[in-house]
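Student: For reference, the structure I am asking about is given below.
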Amino acid sequence: MGCLKTVDCVNTFFTGKIFRMFKNIFKKVYKMFWFLVLASAIVVIVARLLTGLVAINKTYSESAVPARRVAIVFGAGLWNDGSPTPVLMDRVETGAKLYFAGKVEKLLMSGDNSQVEYNEPAAMREYAISLGVPDADIVLDYAGRRTYDSCYRAKEIFRVKEAILVTQKFHLARALFLCNALGLDGVGVEANNHTFRKGSVFFWSLRELPATLTAFADIITRPLPILGNPEPIFPENSQ
């Protein structure tokens with residue numbers, strides 16, 4: 001049936017044309033969206049697999065790990081009262097075990113102290129001392145705000161050439177990747193003295209996905225963390 005009025009024909013034409021145009025745009029945007037989602041997922045999975053491959057041959061049990069002079073214990077948050085969280089306590093306990101087993105001579109406690117009232121390294125030292133570790137064998141890095149920063153500063157500020165990295169399984173692969181990519185020969189020991197809720201572990205593991213991408217970006221761009229004068233843990237490593 002033909003149009004009764006010219007204006008009706010024009011309106012029908014443009015309405016149909018505009019509808020089809022928006023429909024085609026929507027289809028293209030929809031396809032592009034899912035393409036980007038799929039591509040991003042592939043990139044994240046590949047990045048995680050690569051860090052996992054690095055960790056396979058560099059992760060040991062406490063008893064089997066080769067001795068290194070230093071263990072780097074990574075920060076993991078504080079409660080509101082400034083005391084270490086169970087995750088952080090877990091890491092410090094593992095570091096202390098390595099020390100008492102004669103696997104390391106010094107514990108480098110690396111954490112965030114960006115605010116006066118938030119001092120991860122100090123809390124880590126206090127807990128380590130309560131476990132019996134001598135204060136003289138604890139070294140504090142107050143500017144380990146990120147894993148990348150901790151690895152970078154361990155090598156450049158504290159002149160650590162090789163170390164045992166202490167953290168939980170979900171974080172260890174990224175830590176090993178970063179330290180080794182920055183030229184610090186690191187092997188890892190999982191902190192697993194405590195049992196955590198499955199939901200929490202799942203969340204931490206999920207959070208590692210974007211963090212791993214950031215780690216790759218950091219290795220490519222090499223941003224400078226907070227630095228300062230060298231503070232070699234061992235005088236012979238001053239150069």
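No value in this document is a laboratory result; all are computed from the given coordinates. Note that the structure is predicted; figures quoted are calculated from it, not measured. Positions of Cβ are backbone-derived with ideal geometry, glycine not excepted, and every protein chain shown enters the neighbour counts.
Student: So, in the stretch 59-237, how many Lys pairs have Cα atoms under 20 Å apart, if the pair is 8 or more places apart or on different chains?
Tutor: Eligible lysine pairs with Cα atoms under 20 Å apart amount to 8.
Student: Right, next: If R0 is 30 Å, what FRET efficiency do you get for A122 and N57 from their C-beta distance, rounded to 0.05?
Tutor: Taking R0 as 30 Å, the efficiency between A122 and N57 is 0.30.
Student: Sticking with this one: Under a crude label model (7 Å from the Cα following the beta-carbon direction), how far is L131 from A64 in nanometres?
Tutor: Result for the modelled spin labels: 2.2 nm.
Student: Let me ask another. Label point 7 Å out from R207 along Cα-to-Cβ: which residues of the stretch 46-77 have amide N under 14 Å?
Tutor: 75-77
Student: Give me the number: length gained by fully extending M32 to N80, i.e. 0.36 nm times residue separation minus the C-alpha to C-alpha distance, one decimal in nm.
Tutor: Computed gain between M32 and N80 is 12.9 nm.
Student: Send over the Kirkwood Rh of the stretch 138-223, from the inverse of the averaged 1/r over different Cα pairs, rounded to one decimal Å.
Tutor: Over the stretch 138-223, the inverse of the mean reciprocal pair distance is 13.6 Å.
Student: Over all alpha-carbon pairs in the stretch 63-195, figure out the percentage whose distance exceeds 24 Å.
Tutor: That tail contains 17 percent of the Cα-Cα pairs.
Student: Another one. Taking only Cα atoms of the stretch 79-140, what ratio of Rg to Rh do you get with Rh as the Kirkwood inverse-distance radius?
Tutor: 0.96
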